[in-house]
Amino acid sequence: MSHEPQISERPAQPYLGLRRRVTGTVQSAVDGAFPELFRRLGTAGVQPAGPPFIRFLSVDAAGEPTELELAVPVDPDAATDALPAGTYATLVHVGPYRSQTEPDLAVARATLLDWATREGLSVSGYHEHYRVGPVEDPDYTKWETELAFLVD
């Protein structure tokens, strides 16, 4: 991870999204959905207004996602929903999404959640923005994912 946790105020972010139940792994839920989402954007003639993200809608008792929404920021007139305006605790993770040997997104999520807890912040929502990924650069050491918790 190249950045320390930060707090930022953000406006509402309109997006076009697809909801998915996670019945296996998050990766299996995601792999077919992002291409479908980008096909819908193309068919509708809508241009992305930022990097794609995953909004985690529900998790089980172990913290594993059970429902998520794959999304792309868009102009308000093309949006199906919006990330809420508010205060966010954020962290930029540089590196792999999943790894047995290197810090990955699970480590970054735990780091950010632990930091928010120590700061006395209550978390009420979570999403990950994929700023640089395998489509932009096959070298996972250059992938950048911004993790964001909506906090009170």
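The values are calculated or read from the model by the stated rules, or taken from the named source; none is laboratory data. As the structure is a computational prediction, the values presented were derived from the model and not from experiment. Glycine gets a Cβ as well: all are built from the backbone with ideal geometry, and neighbour counts include every protein chain shown.
Data overview
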{"quantity": "Which listed residue is in contact with an Asp or Glu (Cβ under 6 Å, 6 or more places away or on another chain) and either closer than 27 Å to Ala116 by Cα or at pLDDT below 95 (or both), from Leu70, Leu91, Leu41, Leu57", "calculated": "Leu57"}
{"quantity": "Ala85 being aliphatic (A, V, I, L, M), surrounded by fewer than 16 Cβ atoms within 10 Å (Cβ to Cβ) and modelled with pLDDT of 95 or more", "calculated": "yes"}
{"quantity": "Only listed residue being under 20 Å from Leu18 (Cα atoms), without any contact (Cβ under 8 Å) to a residue 60 or more places away in the chain and not hydroxyl-bearing (Ser, Thr, Tyr), chosen from Leu105, Leu68", "calculated": "Leu68"}
{"quantity": "Filter result for the condition that a residue is under 24 Å from Pro35 (Cβ atoms) and without any contact (Cβ under 8 Å) to a residue 40 or more places away in the chain, over Asp75, Asp137, Asp81, Asp114", "calculated": "Asp137"}
{"quantity": "Candidate set: segment 9-59, residues that are among the polar types (S, T, N, Q) and under 14 Å from the mean Cα position of the chain (by Cα); chosen: the one surrounded by the most Cβ atoms within 10 Å (Cβ to Cβ)", "calculated": "Gln13"}
{"quantity": "Matching residues, segment 1-51, being in contact with a helix residue (DSSP H, G or I) (Cβ under 6 Å, 6 or more places away or on another chain), in a strand (DSSP E or B) and within 20 Å of Thr87 (Cα to Cα)", "calculated": "Pro14"}
{"quantity": "Verdict on His127 being touching a residue at least 12 places away in the same chain (Cβ under 8 Å), outside any helix (DSSP H, G or I) and under 11 Å from the mean Cα position of the chain (by Cα)", "calculated": "yes"}
{"quantity": "Any hit, segment 142-150, residues being assigned to a helix (DSSP H, G or I) and either surrounded by fewer than 12 Cβ atoms within 10 Å (Cβ to Cβ) or modelled with pLDDT of 95 or more (or both)", "calculated": "yes"}
